[in-house]
1. What is the magnitude of the charge dipole of the range 14-172 about its Cα centre, with +1 placed on the Cβ of each Lys and Arg, -1 on the Cβ of each Asp and Glu, and no other charges, expressed in debye to the nearest 20?
2. Which whole-number percentage describes the relative contact order of the range 14-172, with Cα contacts under 8 Å and a sequence gap of 6 or more?
3. How much net charge surrounds residue 79 when only other residues with a Cβ under 11 Å from its Cβ are counted (Lys, Arg +1; Asp, Glu -1)?
4. What does the C-alpha gyration tensor say about the overall shape of the range 11-77? Classify as rounded when a/c is under 1.5, otherwise prolate if a/b is larger than b/c, or oblate.
5. Calculate the dipole size of the range 82-156 relative to its Cα centre from +1 charges on Lys and Arg beta carbons and -1 charges on Asp and Glu beta carbons; express the result in debye to the nearest 20.
6. Would you work out the charge dipole size for the range 63-113 about its Cα centre, treating the Cβ of every Lys and Arg as +1 and the Cβ of every Asp and Glu as -1, and quote it to the nearest 20 debye?
7. Taking θ as phi - 60°, what are the ³J(HN,Hα) couplings along the range 96-110 by the Karplus curve (6.51, -1.76, 1.60), each to the nearest whole Hz, with x for Gly and Pro?
8. Say each of residue 86 and residue 165 gets a label point 7 Å from the Cα, pointing the same way as Cα to Cβ; how far apart are those two points in nm?
Amino acid sequence: MDAKNANLSADQEFVITRDFDAPRERVWRAWTEREQLMQWFGPTGFTMSHAKFDLRPGGIFHYGLRSPHGHEMWGEWTFREIVAPERLVVVTSFSDAQGGITRHPMAPNWPLETISTTTFEEHNGKTTITIRWAPWNASELECKVFSEAHSGMRQGWGGTFEQLAAYLAKANSH
């Protein structure tokens, strides 16, 4: 953790891990290629309606997700570190359709920015993804709100990982 998050305790950082039945290179491409990401990224039932993707340090992934009921939600990643096919570090935010940073649509005290480190480790042809996620440039209240939301984040990432697993299985069968 660096100075921007020095006030975080270990229990405030959100960590989730999942194994995938695919080689690391394949999982890395699914995570870092716009056309593939559009096929699976988001909570269960959501589809990606928009994606601008510039994979380079300082580059942006700006995306729109549509819920099964037609509600749109926008997000943005700013790439800080890219070590293919091992690690991806991004600052994540909610955004609007124009790419402006916004508050969480249902949690006004959610941090404006969070930082996420995703690692990809291969073991015997399978890949383990670990996401470490924490508030970034956040107030004490925002850190508290983030920490209290871990169960919801686990559910959201669980659904996203299910979609990735199904996408990888479908791609492997072709």
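1. Numbers: 16 positive and 18 negative charges, 37 e Å.
Dipole size: approximately 180 debye.
2. On the way: 327 pairs, mean separation 41.9, N = 159.
Once divided by the residue count of the range 14-172, the mean separation gives 26 percent.
3. On the way: positive: 56, 80; negative: 54, 76, 81.
Net local charge, residue 79 excluded: -1.
4. Details: a/c = 1.36, a/b = 1.22, b/c = 1.12.
Rounded is the answer for the range 11-77, as its axis ratio a/c remains below 1.5.
5. On the way: 6 positive and 8 negative charges, 27 e Å.
Roughly 140 debye, rounded to the nearest 20.
6. Values: 4 positive and 6 negative charges, 16 e Å.
Roughly 80 debye, rounded to the nearest 20.
7. Those phi angles translate into 10, 4, 8, x, x, 6, 10, 6, 3, x, 10, 9, x, 9, 5 Hz.
8. Reported label-point gap for residue 86 and residue 165 is 2.8 nm.
Any read-out appearing in this document is the output of simple, stated calculations on the displayed coordinates, not a laboratory observation. Only a predicted model underlies this, so the values are computations on that prediction, with no experimental measurement involved. Heads up, the Cβs are rebuilt from the backbone with ideal geometry, glycines too, and the neighbour counts pull from every protein chain shown.
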